[in-house]
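Just so it is clear, none of the values below were taken in a lab; they were calculated from the coordinates. Nothing here was measured: the structure is a model prediction, and the numbers come from that model. Please note: Cβ atoms are built from the backbone with ideal geometry, for glycine as well, and neighbour counts cover all protein chains shown.
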Amino acid sequence: MTRFEQAKARYAELGVDVEKAISLLKNTPISIHCWQGDDVRGFDTDPNKPLTGGIQTTGNYIGRARTPEELMADIDVVLKLCPGMKKMNLHANYAIFDDENGGWVDRNKLEPKHFAKWVKFCKERGLGCDFNPTFFSHPMCDPLTLSSPNEETRKFWIEHGKAAIRISQYLAEELGQPCVMNIWTGDGYKDIPADRMGPRERYRDSIDQILSEPFDFDKVKPCVESKVFGIGVEAYTVGSAEFSLAYAAANMDKCIPLMDNGHYHPTEVVSDKIPAMLAFFPEIALHVTRGVRWDSDHVVLFDDETKEIAKEIVRCGGLDGRVKIALDYFDASINRVAAWITGVRNMEKALLFALLQPTEALKKMQDEGDMTSLLVMQEELKTAPFGDVWEYYCESEGVPANESWLATVKQYEADVLAKRV
Ligand code: RNT
Ligand code: ZN
């Protein structure tokens with residue numbers, strides 16, 4: 001018997017069908033954020049300008065992608081070394097301008113044609129694509145955007161949001177998969193505001209206006225992402241948890257909530273929020289990330305909360321499309337491609353780990369009040385032969401089953417990344 005066959009037999013004893021788990025995982029899309037490759041800079045403004053909106057990449061590792069071609073080449077390395085079904089996730093500032101499409105335009109004038117090269121990239125690789133309007137790192141941030149008291153600023157950003165709806169519809173139609181379009185702004189104040197309500201009323205009105213742009217809700221899934229605070233925006237965030245959740249709840253016919261697990265108070269967990277939200281919302285979206293003290297965007301690990309998030313997605317039937325899974329982290333202090341791959345592989349691992357739980361049997365223990373068995377089983381399951389199933393899954397997907405992928409990335413660093421000077 002191979003190690004996989006032994007593992008399969010052990011899981012069968014536990015009441016888990018390993019083959020079924022693997023086939024479910026193979027069909028679960030994970031949305032891969034393009035912004036890990038270039039420190040969230042994009043191609044539409046001066047690449048040396050600072051990142052704004054309360055987010056930051058730290059580190060200066062060699063090899064940042066500087067052009068669409070470089071970024072696409074890096075993404076190809078990620079795709080090649082990670083198992084499972086992937087989707088792309090683009091930000092509007094990754095528009096590609098060239099002579100053929102008329103050159104640079106500002107964000108309020110973006111059109112589908114500025115993403116045609118990304119559509120080609122996705123088609124060639126059989127990927128769907130998600131999208132994000134970019135409300136940061138731009139001269140029109142005053143520093144507020146959709147909640148600005150300056151009507152000219154607000155109009156610009158509403159136009160940008162509407163353009164993003166049209167682009168999302170185009171991506172969905174071209175690629176034949178729904179496009180999740182996430183609205184996040186870093187709007188807020190460093191210190192105590194005199195008016196907390198005004199910015200929120202303007203924010204609500206701005207999102208209303210953006211969502212008044214016609215779109216097909218089966219194809220475009222607009223989301224609102226909340227946040228607790230950002231760097232330089234410590235005292236007040238316009239799009240707080242209550243604001244965003246209430247907005248989504250009040251607009252269920254055209255909007256879904258997005259939870260980023262780096263955006264809550266340290267003792268709050270998104271894993272517990274998933275079933276709470278699914279009790280009301282037909283669909284929800286996630287940014288899976290890792291918060292560390294002030295930062296909400298460290299590389300995703302195979303850690304307890306990532307596993308718990310994956311378990312809730314699986315247990316709540318989220319794999320049937322109800323839960324849209326995207327990744328969101330950016331680390332410039334280590335090889336960016338290795339950072340990317342680590343997070344994607346860990347999300348896949350967490351989902352596989354969740355799919356290898358005997359959920360029905362565990363639920364039965366809970367419902368029968370046998371909390372002793374539940375505790376014991378949950379602990380024993382932690383050392384079941386998960387690694388052997390993971391290796392088999394990777395091999396069946398044609399990707400490295402273990403740390404050997406790192407050698408490929410090191411070679412790519414020597415051949416390609418190190419030459420980007
Ligand atoms: C920032 C939010 C947001 C961004 C991306 C780049 O705190 O999480 O989702 O990370 O849009
Ligand atoms: Zn996020």
Can you tell me the relative contact order of segment 320-421? Whole percent, Cα pairs under 8 Å, sequence separation 6 or more.
23
Which of the helices in the chain meet the span-like rule: DSSP H, Cα axial reach of 18 Å or more, Kyte-Doolittle mean at least 0.5?
68-81, 336-355
Using only C-alpha positions, report the orientation-averaged shadow area of the convex hull of segment 252-344, nm², one decimal.
6.5
What whole number of Å gives the distance from the Cα centroid of segment 124-138 to the Cα centroid of segment 237-262?
20
For the pairs LYS273/LYS311; LYS190/LYS221; LYS26/LYS87, flag any whose C-alpha to C-alpha distance is greater than 21 Å.
LYS190/LYS221
With a 10 Å cut-off between alpha carbons and a GNM built on the chain, which of VAL270, VAL16, VAL389 moves the most?
VAL16
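Is segment 104-165 best put as rounded, prolate or oblate by its Cα gyration tensor, with a ≥ b ≥ c the root eigenvalues, rounded for a/c under 1.5, and otherwise prolate when a/b is larger than b/c, oblate when not?
prolate
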For segment 247-317, the charge dipole (Cβ of Lys, Arg +1; Cβ of Asp, Glu -1; about the Cα centre) points to a positive end, and the Cα of LEU301, THR289, ALA249 closest to that extreme belongs to ALA249
Highest-MSF residue in the chain out of ASP328, ASP99, ASP17 [GNM, Cα springs under 10 Å]:
ASP99
Need the list of aspartates and glutamates near LYS8 for cross-linking: C-alpha distance under 12 angstrom, and skip anything on the same chain fewer than eight residues off.
ASP17, GLU19, ASP388
Tally the DSSP beta bridges in segment 217-329 and give the antiparallel ones as a percent, rounded to 5.
20
Restricting to DSSP H runs of at least four residues, report the calculated mean residue ellipticity at 222 nm for the chain, -39500 (n - 2.57) per run over all residues, nearest 500 deg cm²/dmol.
-13000 deg cm²/dmol
In the chain, what percentage of the DSSP-assigned beta bridges are antiparallel, given to the nearest 5?
15
Mind checking which aspartates and glutamates have their Cα closer than 20 Å to the Cα of LYS155? Skip sequence neighbours fewer than 8 apart in that chain.
ASP44, ASP106, GLU111, ASP142, ASP187, GLU201, ASP205, ASP208, GLU213
Three principal axis extents, largest first, for the C-alpha atoms of segment 280-407, in Å?
49, 35, 30
Members of LYS117/LYS307; LYS86/LYS120; LYS86/LYS349; LYS324/LYS410 lying beyond 24 Å, as alpha-carbon distances in this model show:
LYS117/LYS307; LYS324/LYS410
Rg/Rh ratio calculated on Cα atoms of segment 197-271 (Kirkwood radius):
0.99
Rounded, prolate or oblate (a/c below 1.5 giving rounded, otherwise prolate when a/b exceeds b/c) for segment 206-364 by Cα gyration tensor
oblate
Cα-based shape type of segment 5-57, given that a ≥ b ≥ c are square roots of the gyration tensor eigenvalues and the cut on a/c is 1.5
prolate
Hey, in the GNM for the chain with a 10 angstrom Cα cutoff, which one of GLU242, GLU380, GLU283 fluctuates hardest?
GLU380
Mind checking the log10 I(q)/I(0) for the chain at q = 0.07 Å⁻¹? Debye, one equal scatterer per Cα, no solvent, two decimals.
-0.33
